[in-house]
Every structure is written in C-alpha cells, then in structure tokens.
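K.L.:
One structure is given below, represented as structure tokens, and several questions about it will come after.
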Amino acid sequence: MTGRSCLCVVLAAGEGTRMKSTLPKVLHKVAGLPMVAHVAAAVRGAGADIALVAGNGSDSVRDAVRAVAPSAETYVQTERLGTAHAVMAARDALRRGYDDLLVVFGDAPLIRSETLLAARERLAAGFDVVVFAFRTERPAGYGRVLTRDGRVTGIREDRDCSDEEKLITLCNGGLMAITGRHAIRLIESVGNDNAKGEYYLTDVVEVAAEAGLAVTAVTIDADDVLGVNNRAELAEAEALWQQRRRRQVMLSGVTMIDPGSVFFSWDTEVGAETVVEPNVWFGPGVKVGRDVAIHAYSHLEGATVGDHVSVGPFARLRPGTRLAEKSKVGNFCEVKQADVGPGAKINHLTYIGDAVIGAGSNIGAGTITCNYDGFSKHVTEIGANVFIGSNSSLVAPVRIGDGAYVASGSVVTESVPDDALALGRARQATKEGRARELRERLAAAKKRG
Ligand code: UD1
Ligand code: MG
C-alpha cells in the first residue's frame, strides 16, 4: 500500500469487567502475548501508524503495545462514552491529515494484517467508509449491517434493532476504515440518541450514506474479529490462534503427529524437517532449527535449539538454553542458562544450570550442577570431550578441562585440569567372604528370636 499514509486507532479503553480480573482486559494473553499487542502487530503489518486509546491507569497497556510497535502514541479516554467518542480521544493524531483511518478493537486479537490491507485497498479504490461484515446464524449482540438495493445504509446496534432488523444475519465485525478526508467530520457528527446513550462509531455509516458518500462492506471470516469479553472467549481465541499457527507450521515443513496437543507461543520458530511429537509446550522465545526431534511431553521456553538436535521425551528447556547442532537432551533432564556444545549428550535425569559444555562431551545419568549457594548463581564450565560419570555433583564455580574424566558418584568441588581423572568419592573397600558371614549371623539371630 504505497503512497497513502494511514493511522490506525486501537480502542482499548474498555473496562473488561467480565474478565473478573485486576489486569486490564487487553493485557490478557493469547499465545503468551497480550491481546492488544497482537492487534498492534497486525496493524504494523498493514503499514499503519498507531494511536492507542486506553483508559485511566493505562501505562501497562501502552508498554505492551510499544513492545511490538515502539512508535505507537497513546491517548487516554477518561470517560467511556462510546466507540466514536473513544476514537476522538486521538483527535490530535487524526488532525495530522492521514489519507486512511482504520479503527480496530484491542480485544480482538485474531485480526490479520491482510484484512486491514484489504480495507485500505477499498479506500484507495475510492470508497469513503469500509465496514467489515460477517454472516452468522447467531447474530444476537452484534450490530446488524443494514442494506438497501445492495448498498450499505447503516449499522444498527443489537439493542436498538426492531424485531425485523434482529433477523438480519449480516453483522458488523467492529473494525472500520474511513477515508482521512472526511473522518473527523463524520465521527463528530455522530449523536448519542440510542438505547445506551453512547456515541457509536457505527453511526458513521448512516451519516456517510445519507451524505452520498461511498460505503461498502467486505465480508470476512467471523473468527478474524472474535472479541474477547470473558475468560471462556479468551480460551476460544487461544484455540483459534493455535489452530492457525499449527497449520502454518506444518505447511512450512514441520511434521506434527498430534497437532492439537502442541502449543506454540506467538514468537516460536521451528525449522523444516523437524518432527514435534504429541504434548509439547513452547513458551515464549523458542527457536528450533532444522531436522530436530522434539519428543513427547517436552516443555521449552526461551531456548535455542540447533539443527539435528534431539530433545526429550520429558525434557525441560528453560530460558537461556542453547543447544548446538547434533546435541542431545534426553528424558527427565532440565537445562537452564547453558550452552551445550555440538554433539554433546545429556541423556538422563540431569540438571544443568548456568553451565557451558564443550563439543562431544557426555554427561552421565543423574549429573547435577550445584549452581546455587542460596545467595548467588555460579557457573560450571565443562570442556570438550569430557566424560562426567553418572550421579556426579559438580559444585560451582568449577571447571572441568578438555578430555577430563569425572568418576561416577563424584562430588567435584575443585577444578579438574585437561585430560585428568577426578575421583571425588570414598574409596571402595571389599571384604572377601564377609557377606556370607554376615548372612549366617543374621539368620541365626532371627532363629533365636
Ligand atoms: C461493537 C460494535 C458492534 C459490533 C461489535 C463486534 C460499536 C458501537 N458497536 O459492539 O456493531 O457488532 O463491536 O464485536 O462499535 N471502547 C472504548 N471506549 C468506549 C467504548 C468502547 O475504548 O467508550 C472500546 C472497547 O474497549 C472495545 C471496543 O471499543 O475494545 C468495542 O466496544 P464494545 O463496547 O465491546 O462494543 P460492542 O458492544 O462489542
Ligand atoms: Mg465487544
């Protein structure tokens, strides 16, 4: 959409009482990202500047938007007098004379850039007002799109509909596009003579149609404009978002055996040829390379996984984990803030935290990096081609040199030089024949009672 400037007003001043939450509604998350940030990201994708309209105490809402759209401006609607009134809170931005004005809702997180671009195309084609409409067999609660001879003449809010109008199944999706030239005049001419006594943005349609301006409706999928008012709808939005993303991920070359049991975050990246087994959770900040196996029941968050790596089953990768190519983290292992070198293996029942592990090293079953002394975290450095025997405790700060061996069951408190063998355990004592003697003595004692 080159050549035309566009302002998008994001309405987020609603109280959201039905969420029963101390958190502003638009900050509730879908796929780990506040709803209003999803909206802001879609708006950015459509090439528009953002004017956020938030309610009192809006700093956290502003910050959530700025995290994805740093140049967004914030305006405060102090009194909640309706959607048209809310748009005019951003009057100063509107006055800058944009070619296009978009209005979207901060609690409709599934809106897509493509949909907004389609609206902008209509404006570029000469329409003055573009409404987004969808068909539903259950229109109750939505504004109905009124038409005469195939032309849009207005939008009637549900509460204001006559019995006849209530039967209309073409509904208003909420968002709207208005040509910048007429926007302020149209919005300011809206009154509040309706059941709620609010200034409705939707009345712009009737005002425009009566003034002989060109109004059109584009038909969209109801899912795109799903609005979240309570936590049941939040879960619906989450489910729809996950469905969309799973499909995208599979079409990009990732195999999922049971896609419905895999959950992505808004920013998860997964390379082609990777296989994700059932019941896997991706928290925010995960990047997975190509040809990776993420086995069942793994939980990943803030982790970078290189190409040809194997993770799980039942692995937990926490923030700051970086697994280099061909490394392996097996069952019941937890890794946090650690660099794991190429080809290194951490296969069973292990905790690796605040560590660096060199290429080709093998970390035996039950190894624990003792990284925390109750006050501070300390680093464990393990060189290349190191062998850590099973059930070892590595008490940080400590360094195990390249090619070193740590005997099983060791508690390592001092650094180990390259190619050294460290034994940090009691020497074994073996007494020939003593087991038989002991058995006989115990048996005799039991017989005596
Ligand atoms: C709105 C539409 C309706 C449409 C429906 C789709 C209007 C008048 N009605 O109704 O035609 O079918 O969406 O979901 O637009 N807001 C403010 N300040 C206000 C009032 C609202 O910021 O003073 C914000 C809300 O936070 C919300 C959005 O505007 O994000 C929509 O308001 P809401 O009251 O939810 O409108 P609906 O009744 O859902
Ligand atoms: Mg609503």
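The values are calculated or read from the model by the stated rules, or taken from the named source; none is laboratory data. Predicted model only: the values in this text are computed from it and were never measured. Methodologically, a virtual Cβ is constructed for each residue, glycine included, from the backbone with ideal geometry; neighbour enumeration extends over all protein chains shown. Heavy atoms of the whole protein, side chains included, go into the accessibility calculation; ligands, DNA and RNA do not. Shrake-Rupley method; radii C 1.70, N 1.55, O 1.52, S 1.80 Å.
K.L.:
Filtering segment 209-245 down to residues that are away from ligand 1 (no atom under 15 Å from the Cβ), open to solvent by less than 30 Å² (accessible area, probe 1.4 Å) and in a helix (DSSP H, G or I), which residue is farthest from residue 143 (Cα to Cα)?
P.N.:
This residue is 242.
K.L.:
Starting from segment 346-364, keep only residues that are within 15 Å of residue 401 (Cβ to Cβ), then list their pairs with residues that are of a type in the set (Val, Ile, Thr) and open to solvent by 20 Å² or more (accessible area, probe 1.4 Å) whose Cβ atoms are within a distance under 9 Å, requiring at least 6 positions of separation or different chains.
P.N.:
As it stands, the answer is 355/379; 356/379, since those pairs meet every condition given.
K.L.:
Please indicate, with yes or no, whether at least one residue in segment 260-269 is part of a helix (DSSP H, G or I) and open to solvent by less than 60 Å² (accessible area, probe 1.4 Å).
P.N.:
Of segment 260-269, the ones part of a helix (DSSP H, G or I) are 260-261.
From the residues that got through so far, the ones that are open to solvent by less than 60 Å² (accessible area, probe 1.4 Å) too are 260-261.
Yes.
K.L.:
Let me ask something else about it. Check whether at least one residue in segment 168-176 is farther than 20 Å from residue 104 by Cα and within 14 Å of ligand 1 (Cβ to nearest atom), and report yes or no.
P.N.:
Kept after step one, since they are farther than 20 Å from residue 104 by Cα, are these residues of segment 168-176: 168-169.
Restricting the remaining residues to those that are within 14 Å of ligand 1 (Cβ to nearest atom) gives 168-169.
Checked segment 168-176: at least one residue is farther than 20 Å from residue 104 by Cα and within 14 Å of ligand 1 (Cβ to nearest atom).
K.L.:
Going through 277, 269, 301, 233 one at a time, which residue ends up being out of contact with any Cys (no Cβ under 9 Å at 6 or more places or on another chain) and within 23 Å of residue 19 (Cα to Cα)?
P.N.:
233
K.L.:
Here are 298, 327, 261: which of them is among the polar types (S, T, N, Q), modelled with pLDDT of 95 or more and over 23 Å from the mean Cα position of the chain (by Cα)? It would help to see each step written out before you state the result.
P.N.:
Working: 298 fails: over 23 Å from the mean Cα position of the chain (by Cα); 261 fails: over 23 Å from the mean Cα position of the chain (by Cα).
None of the others qualify; the one that does is 327.
K.L.:
Of (1) assigned to a strand (DSSP E or B); (2) open to solvent by 20 Å² or more (accessible area, probe 1.4 Å), residue 164 satisfies all except one. Which?
P.N.:
(1)
K.L.:
Anything in segment 73-107 that is surrounded by fewer than 20 Cβ atoms within 10 Å (Cβ to Cβ) and in a loop (DSSP other than H, G, I, E, B)? List them, or say none.
P.N.:
If the condition is that a residue be surrounded by fewer than 20 Cβ atoms within 10 Å (Cβ to Cβ) and in a loop (DSSP other than H, G, I, E, B), then 78, 79, 80, 81, 95, 96, 97, 99 are the ones that fit.
K.L.:
Looking at segment 175-193, can you tell me whether even one residue there is of a type outside the set (S, T, N, Q), within 16 Å of ligand 2 (Cβ to nearest atom), touching a residue at least 40 places away in the same chain (Cβ under 8 Å) and in a strand (DSSP E or B)?
P.N.:
yes
K.L.:
On to the next question. Based on what the data block shows, is residue 52 open to solvent by 10 Å² or more (accessible area, probe 1.4 Å) and among the aliphatic types (A, V, I, L, M)?
P.N.:
Working: open to solvent by 10 Å² or more (accessible area, probe 1.4 Å): no; among the aliphatic types (A, V, I, L, M): yes.
For residue 52, the condition - open to solvent by 10 Å² or more (accessible area, probe 1.4 Å) and among the aliphatic types (A, V, I, L, M) - is not met.
K.L.:
Of (1) over 20 Å from residue 425 (Cβ atoms); (2) open to solvent by 30 Å² or more (accessible area, probe 1.4 Å); (3) free of Cβ contacts under 8 Å to residues at least 24 places away in the same chain, residue 405 satisfies all except one. Which?
P.N.:
(1)
K.L.:
So which residues in segment 380-402 are touching a strand residue (DSSP E or B) at 6+ places or on another chain (Cβ under 8 Å) and under 12 Å from residue 415 (Cα atoms)?
P.N.:
380, 381, 382, 383, 394, 395, 396, 397, 398, 399, 400, 401
K.L.:
Mind checking which residues of segment 247-259 are in a helix (DSSP H, G or I) and of a type outside the set (D, E, K, R)?
P.N.:
248, 249, 250, 251, 259
K.L.:
Any idea how many residues of segment 58-72 are part of a helix (DSSP H, G or I) and either within 11 Å of ligand 1 (Cβ to nearest atom) or among the hydrophobic types (A, V, I, L, M, F, W, C) (or both)? Reasoning before the result, please.
P.N.:
Taking segment 58-72 as the starting set, the residues that turn out to be part of a helix (DSSP H, G or I) are 59-68.
With either within 11 Å of ligand 1 (Cβ to nearest atom) or among the hydrophobic types (A, V, I, L, M, F, W, C) (or both) added as a condition, the list becomes 61, 64-65, 67-68.
So the count comes out to 5.
K.L.:
State yes or no: is residue 67 open to solvent by 10 Å² or more (accessible area, probe 1.4 Å) and farther than 27 Å from residue 157 by Cα?
P.N.:
So residue 67 fits the description; yes.
K.L.:
Turning to a different aspect of this structure: Specify the residue that is nearest to ligand 2 (Cβ to nearest atom); the eligible residues are those in segment 137-152 that are at negative phi and open to solvent by 30 Å² or more (accessible area, probe 1.4 Å).
P.N.:
Checking each candidate, the answer is 142.
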